[in-house]
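The values are calculated or read from the model by the stated rules, or taken from the named source; none is laboratory data. No experiment lies behind these values; they were computed from the predicted model shown. A quick note on method: Cβ atoms are made from the backbone with ideal geometry, for glycine too, and the neighbour counts reach across all protein chains shown. Accessible surface is based on the protein model in full, side chains and every heavy atom, while ligands, DNA and RNA are left aside. Shrake-Rupley method; radii C 1.70, N 1.55, O 1.52, S 1.80 Å.
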Amino acid sequence: MHELELIDLQKRFKEKIAVQSLNLRIEHGVYGLLGENGAGKTTLMRMICGILEPTQGSILCDSMEIRQMGGAYRSLLGYLPQDFGYYEDFTAHRFLHYMAALKAMPEDYARNRIDELLELVDLTAVKNKKLKTFSGGMIRRIGIAQALLNDPEILVLDEPTSGLDPKERVRFRNIISSLGKNRIVILSTHIVSDVEYIADRIMIMKNGRMIRTGTEAEISEEVKDCVWKCLVSEKEADRLNEKYIVSNLKNQGEQVELRIVSKEKPTAEAKRQEVTLEDTYLYCIQNH
């Protein structure tokens, strides 16, 4: 199994610093990278994949600089970018064969692997249809399949569930969970539920900095007694919404049920609740 180490990593675009002084060690397992749009997630993942050069710092794979490893490092990688490019006049089957050729995969192995992956992403029945006829969700599934073609030991997925319906997202999460047992999987998203049940470790980015890393239990520790539920009037709900982090709001007839993340008890009748990853994420983003 492999290990990635990021040392004092920084990426600057003119006056904007997209990733700032980042130090991180990544071993096997599923890593959920959370952050708002513009937090620096895509820039970080493109550097890990060797597509962008860091302005400063190093990325090591098994103690060797990835830029020195060249093709040996690329052979370990599977990558699904946020904006996935494809040839719309290719069929699904032809496109995967094309991608396998680019990865210099042996033809017999590629043929069997493509059939396995089309089955995995539930596209066998439409493998001879052109990609231009596919829905956004189907295109995303083809993207996932091409990322897995070379059975990568380091799998980098940038917003992989974009365009997938709820059923497809559950199926995809189950696939990723099984893949993380013997490889590195880095899954970037702004959708907390995509990583809540499958990530071994959570990483939260804000403004180019890694503000939290650890297991869900570790990063939720400071928030565990800070989640409340209360039932209030609409007027009171507006006041509380301005004062506190409200992670959920639900109308209940003439009243409003609020889920609030706060160190202090927001109302006299508020009752403590079990903390979720979404509560923790909102708290970290608001307070760091």
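Being open to solvent by 70 Å² or more (accessible area, probe 1.4 Å), in contact (Cβ under 8 Å) with a residue 24 or more places away in the chain and under 23 Å from E27 (Cα atoms), is that true of even one residue in the stretch 267-288? Checked against the condition, which is being open to solvent by 70 Å² or more (accessible area, probe 1.4 Å), in contact (Cβ under 8 Å) with a residue 24 or more places away in the chain and under 23 Å from E27 (Cα atoms), the stretch 267-288 yields no hits at all. Of all residues in the stretch 90-141, those that are touching a residue at least 24 places away in the same chain (Cβ under 8 Å) and under 25 Å from G71 (Cα atoms) total 10. Within the stretch 204-237, the set of residues being farther than 29 Å from K41 by Cα and either open to solvent by 60 Å² or more (accessible area, probe 1.4 Å) or hydroxyl-bearing (S, T, Y) (or both) comprises D225, K229, L231, S233, E234, K235. Per the conditions (1) of a type outside the set (A, V, I, L, M); (2) closer than 21 Å to M45 by Cα; (3) not in a loop (DSSP other than H, G, I, E, B), the sole criterion not satisfied by K181 is (3). Among the residues of the stretch 248-266, those identified as open to solvent by less than 20 Å² (accessible area, probe 1.4 Å) and under 18 Å from I285 (Cβ atoms) are I260, V261, S262. The single residue among D89, D115, D108 that is farther than 22 Å from S188 by Cα, modelled with pLDDT of 95 or more, part of a helix (DSSP H, G or I) and more than 25 Å from the chain's Cα centre (by Cα) turns out to be D115. Evaluate the following for G57: is it surrounded by 16 or more Cβ atoms within 10 Å (Cβ to Cβ), at positive phi and either part of a strand (DSSP E or B) or out of contact with any helix residue (DSSP H, G or I) (no Cβ under 6 Å at 6 or more places or on another chain) (or both)? So G57 passes the test.
Of note, K132 does not satisfy the criterion of being open to solvent by 40 Å² or more (accessible area, probe 1.4 Å), in contact with a helix residue (DSSP H, G or I) (Cβ under 7 Å, 6 or more places away or on another chain) and among the basic types (K, R). Candidates in the stretch 11-53 are the residues that are among the small types (G, A, S) and open to solvent by 20 Å² or more (accessible area, probe 1.4 Å); of these, the one that is nearest to S75 (Cα to Cα) is G50.
So that you can scan it fast, the table gives a plain yes or no per residue for (1) buried (at least 16 other Cβ atoms within 10 Å of the Cβ); (2) in contact with a Leu (Cβ under 6 Å, 6 or more places away or on another chain); (3) modelled with pLDDT under 85:
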| residue | (1), (2), (3) |
| --- | --- |
| M138 | yes, no, no |
| D151 | no, no, no |
| L155 | yes, no, no |
| L164 | yes, no, yes |
| N174 | no, no, yes |
| S178 | no, no, yes |
| L187 | yes, yes, no |
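State yes or no: is S193 open to solvent by 10 Å² or more (accessible area, probe 1.4 Å), polar (S, T, N, Q) and under 30 Å from R94 (Cα atoms)? No; evaluated as a whole, the condition is false for this residue.
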